[in-house]
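Nothing in this text is a laboratory measurement; each read-out follows from the coordinates by a stated rule. Keep in mind it's a predicted model, so treat the numbers as computed, not measured. Every residue, glycine among them, receives a Cβ derived from its backbone with ideal geometry; neighbour counts consider all protein chains shown.
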Amino acid sequence: MISKSLVCLWYDGAALDAAKFYADTFPDSAVGSVHRAPGDYPAGRQGDVLMVEFRVAGIPCLGLNGGPAFKHNEAFSFQIATDDQSETDRLWNAIVGNDGEESACGWCKDKWGVSWQITPRALTAAITGPDRAAAKRAFDAMLEMTKIDIAAIEAALKR
C-alpha cells in the first residue's frame, strides 16, 4: 500500500532502474512494490511499469513513469549527510560514475536528472558554527569545490 505522504518522482520509463540504483547505493533504501499499467497510457502500454514504490535514505518515494513531458531540476534535491570522506566519496562516485554529472558545492545529478547534495556533517558544522569568521572561511572553501573535501574544510577553519 502506498504511504499517505511520499515524494513522487517523475521518470521517462526508468523508475524501476532508478529505484534499484538508489536501493543499491544509499543506506536505508529499498525497492518496494512495482505496479504495472492496467491499460495503455500516453507514455506506455498495458503491462509496462507505471509506478514503483521505494525508499531512499528512509524517505518513502513513488517513481512514476510519466514520459518525457517533465524533467527534474535543482529546485528539488535529496540531501544526504555523510559521516566521513570515505562515505562522501563512495556516494559521490556512485552517482557521478553511473552517467551522472558533477555540479558545485557538493551537488551532483544522477543519470535520470535527480539532484543530490552529498553533504558531510563536518561541512554543516563548519558553516553553522559559532565562530562566524571561521564559518565564512569554510563557506568560501566550499564555494570552490565540486565534491566536498572535508580536510580542506577543516583546514579553512584553522586559518
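Descriptive notes on the structure:
- Label separation (residue 73 vs residue 24): 3.1 nm, computed from points 7 Å beyond Cα along the C-beta direction.
- Order of 61, 8 under a 10 Å beta carbon neighbour criterion, fewest first: 8, 61
- Nearest-0.05 FRET efficiency for residue 134 and residue 34, computed from C-beta distance (R0 35 Å): 0.10
- Residue 17/residue 83 FRET efficiency (R0 30 Å; Cβ-Cβ; nearest 0.05): 0.60
- Among 77, 86, 33: highest mean-square fluctuation, GNM of the chain, C-alpha pairs under 10 Å: 86
- Multiplying the residue separation of residue 46 and residue 104 by 0.36 nm and subtracting their alpha-carbon distance yields 16.8 nm.
- The chain: projected area of the alpha-carbon convex hull, averaged over directions, in nm²: 10.2
- Only the Cβ atoms of Lys and Arg (+1) and of Asp and Glu (-1) were treated as charged; on that basis the dipole of the chain about its Cα centre amounts to roughly 360 debye.
- Pairwise Cα distances in region 59-106 exceed 17 Å in 52 percent of cases.
- The chain, helix-only ellipticity at 222 nm - DSSP H runs n ≥ 4, -39,500 (n - 2.57), divided by all residues, nearest 500: -9500 deg cm²/dmol
- Residue order, fewest to most surrounding Cβ atoms within 10 angstrom, among 101, 87: 101, 87
- Seen against the Cα atoms of the chain and their longest principal axis, helix 132-143 is set at about 50 degrees.
- Antiparallel DSSP beta bridges within the chain, percent to nearest 5: 60
- The Kirkwood radius of region 1-69, taken over pairs of alpha-carbon atoms, gives through the Stokes-Einstein law at 4 °C and 1.567 mPa s a diffusion coefficient of 108 µm² s⁻¹.
- Leading residue at positive end of dipole, region 51-159 (Cβ point charges), from 146, 130, 79: 130
- Ordering 148-155, 14-21 by mean Cβ neighbour count within 10 Å, with the highest value first, yields 14-21, 148-155.
- Overall form of region 72-159 per C-alpha gyration tensor (a/c, 1.5; a/b vs b/c): prolate
- Euclidean distance between Cα centres, region 130-159 to region 60-80, Å: 30
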